[in-house]
């Protein structure tokens, strides 16, 4: 929407209404984290600012467009709206974005099929001219999360939006994550120069290896290669898709002595949050005794040259595949991440490789469920057939599991269905837990395996265990001990355990979308699973004791007066520009954008006088001529005699 | 056994998009999910 008055400050105050579902609160916080990771927009609890976004549970999902400067601006996250993409969509409205297909140039890219729209819903397909809405010089984006889907508001079975390029017909309407263009537009609108929580990414495609350096005091080096003896024979970022590209870092352990090590250090990084997540893919083709260790080099006054601290030894047997690894860090000073490879005892035919490193100030996912040959599983699993992840034990002690319908259900064919279950774990542990399980949010994320974390459009859904919720037509609690409310099941290896009721969705993601982007890489899909305690969201958000008064200057912050004009408040209600004036010149217009001068005025006066004089002259002459003709005619009709002076 | 069948609850009821959620809720908002600013007499 055009107009700086619609902008929010880059840190947006929010208030969670008490009526919001606890799961919704948790998902909104996750959406905020995506904004922080990928844009310069941050959110903070309302602390008395005049304008803030009040999130409440209305009957649906809706928002206004832009900052309306009304104080409490409402944004509804009702039942069924507690999905991260829906929340990001509504907040994009609040930040000043219309729907993508209402752009001024939309008719160049899509055709609206007016006769297929449900009667009375035609107003949903408005478009705005380029004086109301700006595309911010970003091309039309079929992949925007602000675009309708092809079947929105249809009256029958035919699509209401037909893309001019047919291959985009199933692309429009994605509700996974921000597209690259969504992020570009947001960055341009808010003049972003950096994001809030992103620190570093590297796919090693460029020779500068993202500013990483070979450490000192080691006996070997990491090499940037596109294939390595003993494997891998291709990198992870490109997976052999682009000839001439596809590099990764490799530490060979074929030669050298036992104990030889190589350090690869990141550039200097400056943390803000005191917690970080390091994520990378590694390939171990060396000896079982070869080691990959993660260290950090921290800088402070006492250690101006940095002090090394070991964080973790990456345990993992040699395996012919790129493995995903996460590592939580807690660093509060300037630092570097150090990858240390060490040759162990015994002979090696390969080494250790690294690719697609990402470091952000976010929390790490806890559990990884990797499904090999996922496309084949989608195609060959019968409909209504579920596959289960291994059981994962969360840090809180609860054991849970994900179930996936790879080929959909009869109610939602062509869609992946995803459900979460509490399952029994170790007897002694389960007995010491609180039942029904209180306010644990389980998130199931299908990872978009793009090398850069900022460009990933992962698909995720969360459900939360409400300890008061009862099973339908039962007095038993849904999230009670699975030994009590669940069913005994048996794993393929013969292990028996109890599985409680499942909560999730049969429309997690369409199979067609699962085949796009990097959801499947090297044939494999990766689900990232987490369980988080969100009990702290049950209590009300504190209301600030003082609310910022209406200050006249507030409105002026959104009005830009050009040419040295000054913004003043008119009756303390409207911000208006007072324009600069000189001896014989002055600016005018609502933003002082036009200039005029005495010379201009004199020229205008002279020109207008001449024009007026000329017009009057013409009128006079015409009148005289007409009158003469009229009287001449009259005289002739009445038979009058015209006398003439014959001597003249 | 405590139960013979595992119950699964579909939290979406098959609704894929926020616009379907709004339609099911009986909402007829401007462009499906945009609030109308009556005070200013124009669409927000």
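We did not get these values from a lab; they are worked out from the coordinates using the rules stated. Keep in mind that this is a model prediction, so the values were computed, not measured. Backbone-built Cβ (ideal geometry, glycine too); neighbour counts: all protein chains shown.
In table form, for the structure just shown:
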{"read-out": "Taking region A:289-351 and dividing mean pair separation by its residue count, relative contact order in percent (alpha carbons under 8 Å, at least six apart)", "value": "49 percent"}
{"read-out": "Prolate/oblate/rounded call for the protein assembly as shown, Cα gyration tensor, a/c under 1.5 rounded", "value": "prolate"}
{"read-out": "Rounded tilt (10° steps) of A:598-637 against the dominant C-alpha axis of chain A", "value": "40 degrees"}
{"read-out": "Rel. contact order, % - alpha carbon contacts under 8 angstrom, at least six apart, chain A", "value": "11 percent"}
{"read-out": "Length-normalised contact order for region A:86-158 - Cα pairs under 8 Å, 6+ apart - percent", "value": "45 percent"}
{"read-out": "Cα gyration tensor category, rounded, prolate or oblate, for region A:153-276 with a/c compared to 1.5", "value": "oblate"}
{"read-out": "Helix A:22-38 axis, angle to chain A major axis (alpha carbon atoms, nearest 10°)", "value": "80 degrees"}
{"read-out": "Gain in span if fully extended, residue A:536 to residue A:317, counting 0.36 nm per residue against the direct Cα distance", "value": "74.9 nm"}
{"read-out": "Ascending count of other beta-carbon atoms within 10 Å, so fewest first, for A:249, A:378", "value": "A:378, A:249"}
{"read-out": "Sorted by Cβ density within 10 Å, fewest first, the residues A:233, A:480, A:221, A:431", "value": "A:431, A:233, A:221, A:480"}
{"read-out": "FRET efficiency estimate (nearest 0.05) - Cβ-Cβ, residue A:470 to residue A:180, R0 45 angstrom", "value": "0.50"}
{"read-out": "Three-way shape call for region A:1-44 based on the alpha-carbon gyration tensor, with the a/c threshold at 1.5", "value": "oblate"}
{"read-out": "Förster radius 45 Å - calculated FRET efficiency between residue A:580 and residue A:44, Cβ distance, rounded to 0.05", "value": "0.75"}
{"read-out": "0 to 90° range, to nearest 10: angle between helix A:180-189 axis and chain A longest Cα axis", "value": "50 degrees"}
{"read-out": "Calculated FRET value between residue A:384 and residue A:547, using beta carbons and R₀ = 56 Å, to 0.05", "value": "0.55"}
{"read-out": "Mean residue ellipticity (222 nm) of the protein assembly as shown, computed from DSSP H runs ≥ 4 via -39,500 (n - 2.57), nearest 500", "value": "-5000 deg cm²/dmol"}
{"read-out": "Potential extension, residue A:210-residue A:599 segment - 0.36 nm per residue separation minus Cα distance", "value": "134.0 nm"}
{"read-out": "Added length on full extension, which subtracts the Cα-Cα distance from 0.36 nm per residue, residue A:429 to residue A:224", "value": "69.1 nm"}
{"read-out": "Span from the region A:149-193 Cα centroid across to the region A:444-503 one, whole angstrom", "value": "31 Å"}
{"read-out": "Distance (nanometres) between label positions extended 7 Å along Cα→Cβ at residue A:349 and residue A:621", "value": "10.8 nm"}
{"read-out": "Packing-based exposure ordering (other Cβ within 10 Å, fewest first) of A:107, A:466", "value": "A:107, A:466"}
